[in-house]
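These notes are about the structure you will find just below.
The values are calculated or read from the model by the stated rules, or taken from the named source; none is laboratory data. The structure presented is a predicted model; accordingly, all values stated were derived computationally and were not measured. Note that each Cβ is placed from the backbone with ideal geometry, even for glycine, and that neighbours are counted across all protein chains shown.
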Amino acid sequence: MKAVNATVIIHTVQQFVTHASRLPYVLAVALFFLGAGPTAAQESGSLELVDPEVFRACGDPRNLPFSNEKGEGFENKLAELFAAKLGKKLRYTYFPQATGFVRQTLGAHHCDVIMGFPQGDDLAQGTVPYYRTSYALVFKPGTGLEGVVSLNDPKLKDKRIGLVAGTPPSTNMAINGLMSHAKPYPLMIDTRLDSSAQAMIDDLTRGDIDCGILWGPMAGYYALRTTPPLALTSLVKETSGPPMIYRIGMAVRQSDQEFKRVLNKLIADNQEEINKLLISYGVPLLDEANAPITADNLSQKP
């Protein structure tokens, strides 16, 4: 056993034990003081996790196409895939994805990974991205909006446009003088009770608005499932205002370095299968040149 002051050992273990959710770290400390070298469990990041036998994902209970309590979203399916690859059981913790989501789920150690997280957000530690997409314009086919890839397109000047208030397209619409005909939908809602995206799509199909601007995965999902199907174009040519294109990865706690590496490897090893899953949900995937990634060119990487 290493020659370490007994008081130091006792104090260190007590600090860990005071937080029940961090009990797995007690084992890591004990192994260190006993002189044990790195194990396979340590290298896989399992000692960072509350339950190394379970893939514990965080999700929204009612936020398709991402996740729901029935496990029908693409983030649910991706969690199933990763759990199977790791030989673990899958368990979900659900909480409405609004203010406090990261703190109440990942931060509270109720789960270990958020399955969809924008690159650059500093509320948690992000993995490498597994898809790249943009906000999109959704409209009825044949209404003359095909080919619109920027909000400065003259075709939009007299259109009634739906948008989710407070999202990046709001600023771009204001810059281009489109707010006078805009219909806003709330950003902060309890997704268990309401859906701004569904409300916008309902208004579009009724003709109350001419088009809508939605986050790409939501735009693609609803466009596919509306009868008749709606059309969409990705807004990839914006020259002013906030960016419309984002990379999405997963998120873990800042301390979970090994688990992040495990997820990064899973993403790299399974990118084509991930792409197929996303495309099946209508997600408008983009490569680094902003060209669409489709079922016909799945060998390309987002």
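Across segment 259-302, the number of residues qualifying as part of a helix (DSSP H, G or I) and among the aliphatic types (A, V, I, L, M) comes to 10. All conditions but one from (1) without any contact (Cβ under 8 Å) to a residue 24 or more places away in the chain; (2) in contact with a Lys or Arg (Cβ under 9 Å, 6 or more places away or on another chain) apply to residue 206; the one that does not is (2).
Whenever a residue of segment 215-240 is within 15 Å of residue 146 (Cβ to Cβ) and in contact (Cβ under 8 Å) with a residue 12 or more places away in the chain, its partners that are of a type outside the set (A, V, I, L, M) and crowded, with 20+ Cβ neighbours inside 10 Å, lying with C-beta atoms within less than 6 angstrom and at least six residues away or across chains, give the pairs 231/139; 234/134; 234/284; 235/134; 235/135; 236/134. Tell me whether segment 204-214 contains one or more residues that are assigned to a strand (DSSP E or B), closer than 24 Å to residue 278 by Cβ, touching a helix residue (DSSP H, G or I) at 6+ places or on another chain (Cβ under 9 Å) and of a type outside the set (A, V, I, L, M). There is at least one residue in segment 204-214 that is assigned to a strand (DSSP E or B), closer than 24 Å to residue 278 by Cβ, touching a helix residue (DSSP H, G or I) at 6+ places or on another chain (Cβ under 9 Å) and of a type outside the set (A, V, I, L, M). Of all residues in segment 107-127, those that are part of a loop (DSSP other than H, G, I, E, B) have Cβ atoms under 6 Å from Cβ atoms of residues that are among the basic types (Lys, Arg), 6 or more apart or on another chain, in 111/56; 112/56; 119/247; 127/260. Would you confirm whether or not segment 248-268 contains a residue that is among the hydroxyl-bearing types (Ser, Thr, Tyr) and either farther than 23 Å from residue 126 by Cβ or modelled with pLDDT of 95 or more (or both)? No: zero hits.
Based on this model, can you work out whether residue 112 counts as buried (at least 18 other Cβ atoms within 10 Å of the Cβ) and not small (Gly, Ala, Ser)?
yes
Can you tell me which of 71, 100 is surrounded by fewer than 17 Cβ atoms within 10 Å (Cβ to Cβ), small (Gly, Ala, Ser) and modelled with pLDDT of 95 or more?
Numbers: 100 fails: modelled with pLDDT of 95 or more.
Going through 71, 100 in turn, just one is surrounded by fewer than 17 Cβ atoms within 10 Å (Cβ to Cβ), small (Gly, Ala, Ser) and modelled with pLDDT of 95 or more: 71.
With respect to (1) over 24 Å from residue 154 (Cα atoms); (2) of a type in the set (Val, Ile, Thr); (3) exposed (fewer than 14 other Cβ atoms within 10 Å of the Cβ), the lone exception for residue 239 is condition (1).
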